[in-house]
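Take a look at the structure below.
None of the figures in this text is laboratory data; all of them are computed from the coordinates on show. On a predicted model such as this, the values are computed, not experimentally measured, just so you know. Cβ placement follows ideal geometry from the backbone for every residue including glycine, while neighbour counts extend to all protein chains displayed.
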Amino acid sequence: MALATCTSADGKIITIDISGRFDFSMHQEFRRVYEQAPGGATQYIINLRQAEYMDSSALGMLLLLREHAGGDQANIKIVHCQPEVKKILAIANFQHLFCLD
Amino acid sequence: MLLAFLQAYWWAPVISLGALLVQCTQPRPEVALMLHALTALAWGIPLACLWGQTRTLLGACDHLPGPFDTLALDPTPEPTPTPELPPTPGLAPDVWECVPAICSTVEEEVERIAEAVTQTRGILRDAVAGLHQSFHGLYNQTQVQHHLVVSLMGDMTGQTNTTQSSHLTMQQFTEATSSLLQYFIDLVVNISKQSVETAYKIDDMVRQMDGIFALLANIKTITDDTHMLALNAAVEAARAGEAGRGFAVVAAEVRRLSQHSRQFSERLRTQIEEMKTTIAAVRKVVGGVAATDLNISLDAKGRVDAMLVDIKEVNERVAQSLQEISAVMHQVHTEVGVAVRALQFEDIISQLLHYTVTPLGTLRCLVAALAEAAETSDSTPLLALGTTLAHRREERQMEADKPVAQTSMHAGDVELF
């Protein structure tokens, strides 16, 4: 379970790469990323290519990120999902709240 | 016909008249005998011819309205005006002797025919009535069956507006299950979100407690410094001697206070450490709440969705089957109609059988009349009957068609039910 982050040059796009298990043990790191980022980020990209497992706490974390990023005005993309992860996102109806790839 | 008859056998009455005259003038027994024989012969021949003609009459006699149109056949003919005919020469005596026997045999056979016809009619009527009933019953039962099947399938698929809305169809049940499942999934996700939020708040709390620790460290520094100062003050007071005695007391007091302070901050630190331990435990619990494996829900939802698809397929198949059943019902209706129409043959055959009554009656009359003629040697009733029948035959030939014109069962259609 590892989390890597990088910010675009203008600081507007923050990319978070998650690998391994995306679960509760990651919650402090995840929060730190977007709380400690300098303000002005307009878009977040969550890369789940290396994420093999997701549970409900991960969904909670994503929802809290969305609240932090402005709720309905938030622009969050979840990309490169594996099939299992995609199913979980579908069952939680995340396609209405996030841009799913 | 009568004129033709007279023309052909004019000699018969002449001979018998002549014989009579001779008998009257010559009253001798052997002559009388010879003359009797001559008379008999003179009558017999025309009679035989008449017999042949009546047979042809019978062949042409079909349905004739008249007094013989009853099953209870009356052998006695209707009284008609008997034309005056002279006696005719007779048949050979042994032939003439056979006539009564023949007549009685014919009468017997006619009787048997009539009986058979009656029986046939009776059996036919009963059998066809039975068949009619049976077909009607069959049709009604298939109707009932059809309604049962339609209502059953309608109930199953929820396509009928039944008043028994208390029991759900499979489809409604599955849909309800699916939406319930979704509700619980959403609930779980929401709880997870709130738990993660709680975890974040706990982190904030822990951070604040760390702040308190920092402050406590400051207090410790202050109390240590205070303690040091108090020691220094005591030393200075001792150096000042008698004048510094009051100051020494103050210094001692300050030292005591600083010690209290140190103890308090120690206890504070311990408390806060305990708080930290408790909060760590709380975070663990919250973590347990937040983390739910959704794979089970995923499986369940997937299965329910598949079930819905299956149910839709079943409904489609049921609808199709219902259509096929309706078509079958239509077929049954048609076939029953065909069968009932076919049973109409009973009417026709009954009529046809009925038409044997008159000819049989006519036969009886003729036979009876012939028997009587043979018995009484008086042919006038027989000849009278023959004349009547000849008249009727002429009348009949003036009628154009036969009453029963149908030759096959396919003529005409029948309205049923």
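Tabulated values for the structure
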read-out: Residues B:Glu266 and A:Leu100, FRET efficiency given R0 of 56 Å [Cβ-Cβ distance, rounded to 0.05]; value: 0.50
read-out: Computed FRET value (nearest 0.05) for B:Ser104 with B:Val332, which takes r as the C-beta separation and R₀ as 51 Å; value: 0.35
read-out: For chain A, alpha-carbon Rg and Dmax in angstrom; value: 12.4, 35
read-out: Pairwise label distance in nanometres, A:Asn75 with B:Ile348, each label 7 Å out on the Cα-Cβ vector; value: 9.2 nm
read-out: Number of partner chain Cβ atoms within 10 Å, mean per residue of B:288-297; value: 6
read-out: Cα-Cα over 30 Å, subset of A:Lys77/B:Lys312; A:Lys87/B:Lys312; B:Lys193/B:Lys220; value: A:Lys77/B:Lys312; B:Lys193/B:Lys220
read-out: Table column - 3J(HN,Hα) (Hz), the stretch B:242-251, Karplus curve with 6.51, -1.76, 1.60, x for Gly and Pro; value: 4, 5, x, 5, x, 4, 4, 4, 4, 4
read-out: Centre separation in Å (Cα based) which lies between the stretch B:112-154 and the stretch A:15-61; value: 82 Å
read-out: Backbone N under 12 Å from the B:Met275 label point (7 Å along Cα→Cβ), restricted to the stretch B:200-216; value: B:205-216
read-out: Added length on full extension, which subtracts the Cα-Cα distance from 0.36 nm per residue, B:Ala306 to B:Asp155; value: 52.2 nm
read-out: Amide H partners (placed H, <5 Å) of B:Thr169, local residues excluded; value: none
read-out: Approximate spin-label separation B:Val285-B:Val206, in nm, with each point projected 7 Å along Cα-to-Cβ; value: 1.7 nm
read-out: Cut-off 17 Å (backbone N to label point 7 Å along Cα→Cβ of B:Gln259), residues of the stretch B:200-230; value: B:223-230
read-out: Selection of trypsin sites (Lys or Arg not before Pro), the stretch A:6-101, meeting DSSP coil and at most 14 other Cβ within 10 Å; value: A:Lys12
read-out: FRET efficiency for B:Ile219 and B:Ala240, using Cβ-Cβ distance with R0 set to 35 Å, rounded to 0.05; value: 0.70
read-out: Spacing of the two label points (7 Å from each Cα toward its C-beta) at B:Ala176 and A:Arg49, in nm; value: 4.8 nm
read-out: Cα centroid separation - the stretch B:309-338 against the stretch B:275-292, whole Å; value: 63 Å
